[in-house]
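**Q** First, the structure itself, so that you have it in front of you.
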Amino acid sequence: MENFDFAELLSRVSDALWGPMAYVVLGLGIAYSVATKGVQFTRIPDMLRQLKENDGSQGGLSSFQALVLALASRVGVGSIAGVATAIFAGGPGALLWMAATGLVGCTVGYAEAALSQAFKRRVMDEDRQKANEDIGGMPYYIKYGLKLPKIGALVAVLGVIGYGVVFPGFQVNTIAASAKLAFNVPSWIPAILVTLLIAGVIFGGTTRLVKVTQFLVPVLAVGYLILALVVIALNITKVPDAFMLIIQSALGVHPMLGGVAGAAVAWGVRRAVFASSNGLGEATFAAAAARTSHPAKQGLVQTFSIYIDVLLICMATGLMMVVSGKFNVSDGADGFLVNNVPDVAAGANWVQEAIDTVAPGWGAGFVAVAVLLFGFACLLAYFYVANSNLLFLLNGKSGNGWKLALKLGTMAIVFIGSIADAKLIWAAGDIGLGLIAWVNLICLAFLFPTVRKIHADYERQRKLGLNPVFDPRKLGIDGADFWIDTDNKESVRK
């Protein structure tokens, strides 16, 4: 018993949960892609149009605010460190499978967002009312769409515990590790800093949280992409070879990396699902908070957010590592097929090494700051998700004690996660997220006919040249009470 490794046990449980799940998301994405006739390709102009259509003046979040709040949860440290671990385990070919999975699987995000809109409710929480929001998400479409209130409550309980007091741990753990490498500071210093920053926002209410993410996420995403493009541009002569390496590795025809083609598929799919949150339900709460005239519109907005995360940020991260040659590839045992950066662990450190090739000495500091800000934005989104789940459980009751407990619990894990064992923190987070995702994916499969009705209604109205307006009664959809209430209908028509 003295050799028992609890973290290793959790890692094995995590692998058992996530291994098959990634392929379930991919399969569901293919099914939804067929059912919607490739909405992720055919309605790109509508995605861009919808971002400008609602400014939030009629109530709810604007489509842009909902987009950045969803991106805050998607564009976390997984978009940096997660890409590196995919390359380490599956070779550069994992990038191609990440992109393919993002393109196909984004229809799962479309379905989640459309369902969240269809079965949302008027918020009864005073703080959210001040923010002028609606409320919905996973537990709502499970309760009102599938008529399974107990399963909805289970998901909400898991959401409060997971997003409130477990999942933030792996964000702050990466923040602390990057800060230690860059500035040689002990873990408790970033722990205190991030804890104080989080407290300053979450105790300021939902309005402050949305304003901070609305400013932070676009600045971060654009700034990070510009830096990645600079690194790639300064290595422009290596780009053709990098693309060839990625393709050959993905298809299993590269002389050295052909043996890890299976791992490339597995890790590419897995990391695309993790980075984009397709099927995990994280973005459903932000999607429901927006005010729009038809659920499919918010589905399109959330599909676009996955494009930004997987096809822009993740791909830029991966290509930056490949063109600069700052990556390793495992042989699946204890050795390496490629060992370009000896003694540098897979993760954000590879991005630091890549940046150092064009700006020596700047990589560690830049990535540490980027990880801090990306992670901080993600922590805000996690709290928003946890709080939304708590409001579902309170069902209109004030619950001030529970709300305070959630805030304090979030602050506690933000501090503890910075100094705890990384392997333990990541494994525990993966297990909790995996449990929520499995329940959500099963429910999404059963709600397939409802999503198809919603999408067909949107397409029918668009082809008639109309601005689509949702009426669940005409479609035979029960439980979508928000859209039947006269006051709500008038506000969303505008």
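The values are calculated or read from the model by the stated rules, or taken from the named source; none is laboratory data. These numbers come from a predicted model, not from an experiment. So basically every Cβ, Gly included, is an ideal-geometry build from the backbone, and we count neighbours across all protein chains shown. Each accessible area value is taken on the protein alone, full model and side chains, heavy atoms only, with ligands, DNA and RNA left out. Shrake-Rupley method; radii C 1.70, N 1.55, O 1.52, S 1.80 Å.
**Q** Choose one of 428, 50, 10: the residue whose Cα lies farthest towards the positive end of the charge dipole of the chain (beta-carbon charges +1 Lys, Arg; -1 Asp, Glu; about the Cα centre).
**A** Value: 50.
**Q** What number, rounded to the nearest 500 deg cm²/dmol, is the helix-based mean residue ellipticity at 222 nm of the chain, given -39500 (n - 2.57) per DSSP H run of at least four residues and division by all its residues?
**A** That comes out to -23000 deg cm²/dmol.
**Q** Here's another thing I want to ask about it. Using only Cα atoms, locate the centre of the range 14-55 and the centre of the range 273-303, then give the distance between them in Å, rounded to an integer.
**A** 10
**Q** In vacuum, with every alpha carbon of the range 19-115 counted as one equal point scatterer, what does the Debye formula give for log10 I(q)/I(0) at q = 0.19 Å⁻¹? Two decimals, please.
**A** For the range 19-115, the Cα-only Debye profile gives -1.10.
**Q** Please list log₁₀ I(q)/I(0) at q = 0.09, 0.12, 0.13 Å⁻¹ for the chain, using the Debye equation with identical point scatterers on the alpha-carbon positions.
**A** So the normalised log intensities are -0.57, -1.03, -1.21.
**Q** Relative to the present Cα-Cα distance, how much length would full extension add between residue 233 and residue 37 at 0.36 nm per residue of separation?
**A** Difference between extended and current length: 66.9 nm.
**Q** Enter the Cα centre distance for the pair the range 360-431 and the range 140-157, rounded to the nearest angstrom.
**A** Comparing the Cα centres of the range 360-431 and the range 140-157, I get a distance of 24 Å.
**Q** Here's another thing I want to ask about it. Sorting check: for 161-171, 105-115, 211-221, which peptide has the highest mean count of neighbouring beta carbons within 10 Å, and how do the rest follow?
**A** 105-115, 161-171, 211-221
**Q** Per-residue counts of other Cβ atoms within 10 Å, averaged by peptide: what ranking do you get for 414-421, 142-149, highest first?
**A** Taking the mean over residues of other Cβ atoms within 10 Å, the ranking is 414-421, 142-149.
**Q** State which entries of 130/407; 120/211; 52/238; 147/211 exceed 27 angstrom in Cα-Cα distance in the structure shown.
**A** Pairs exceeding the cut-off: 52/238; 147/211.
**Q** Excluding residues on the same chain fewer than 8 positions from residue 37, give the lysines whose Cα lies under 24 Å from its Cα.
**A** Filter leaves 297, 453, 463, 474.
**Q** Summarise the accessible area of the chain (1.4 Å probe, protein heavy atoms) by the percent that is carbon and sulfur.
**A** 65
**Q** Let me ask something additional. Can you list the aspartates and glutamates whose alpha carbon sits under 18 Å from that of residue 180, skipping same-chain ones fewer than 8 residues off?
**A** Residue 180 reaches 343, 353, 356, 421.
**Q** What FRET efficiency comes out for residue 251 versus residue 473 if R0 is 35 angstrom and r is the Cβ-Cβ distance? Round to the nearest 0.05.
**A** With R0 = 35 Å, the Cβ-Cβ based efficiency is 0.10.
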